[in-house]
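First the structure, in the form of structure tokens, and then the observations on it.
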Amino acid sequence: MTRNDVTVQIMLGGLSTRMGRDKALVKLGGKTLLERAIARWKDYGAGLQLSVGAAERAELAPEGIPAVADIYPERGPLGGLQAGLHACDTPLLLLVAVDCPFLDYEQADHLLEAMGEAEACVYTLDGRPQPLFGLYRRRCWTSAETLILQGDNRMSSLLEWSNTVYVPAEDTEPFRNLNTPEDLAEAERSLG
């Protein structure tokens, strides 16, 4: 598989309760996290789409970038993944969380190389899977849907159910996510 087999999906559907406002619209270095994510990922792979969660958030998607609303509302990231896999035209979908602005092509390419014939490939940090930066085969959408219909909305369940490759992250710095105003302030200082 190559980058041409990958659609990138930026995940925007979270509630942002710890940040206190929509993380996609929070600014870092003068740009919103959404603007940064689009600029970072628009040229990786065969296309880009945004997982917006609720359909009314589709207005967040700039012209020319598809907004994918959850088919099963309020199911968290698993609902966003399931809808995204259903919507994409490529064999693979790369999930990228909007609040992880330091990940880049190097980490994505490493997943692509490590995946082999598996259904999913994710990094681990201190042994804990990081499913919101992961590569998923399109056929995983049926497993995700089955879990959702059974009332199990956990991404970890999908990873356990699927043939998943786990890649220990050697450098944890790119995986910093911005969940709180304090995280954002620290990231701003690191850019400065």
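The values are calculated or read from the model by the stated rules, or taken from the named source; none is laboratory data. The shown structure was predicted, so the numbers you read here are calculated from the model rather than taken from an experiment. Neighbour counts are summed over all protein chains in view; Cβ atoms, including those assigned to glycine, are modelled from backbone coordinates with ideal geometry. To get the accessible areas, we keep the full protein, side chains included, count just its heavy atoms, and leave off ligands, DNA and RNA. Shrake-Rupley method; radii C 1.70, N 1.55, O 1.52, S 1.80 Å.
Yes or no: residue 39 closer than 24 Å to residue 82 by Cβ and open to solvent by 20 Å² or more (accessible area, probe 1.4 Å)? Here the answer is no, as residue 39 does not meet what is asked. Does residue 79 qualify as being within 15 Å of the chain's Cα centre (by Cα) and under 24 Å from residue 151 (Cβ atoms)? Taking the combined requirement at face value, the residue satisfies it. Within segment 52-68, can one find any residue that is touching a helix residue (DSSP H, G or I) at 6+ places or on another chain (Cβ under 6 Å) and in a loop (DSSP other than H, G, I, E, B)? No, segment 52-68 has no match at all.
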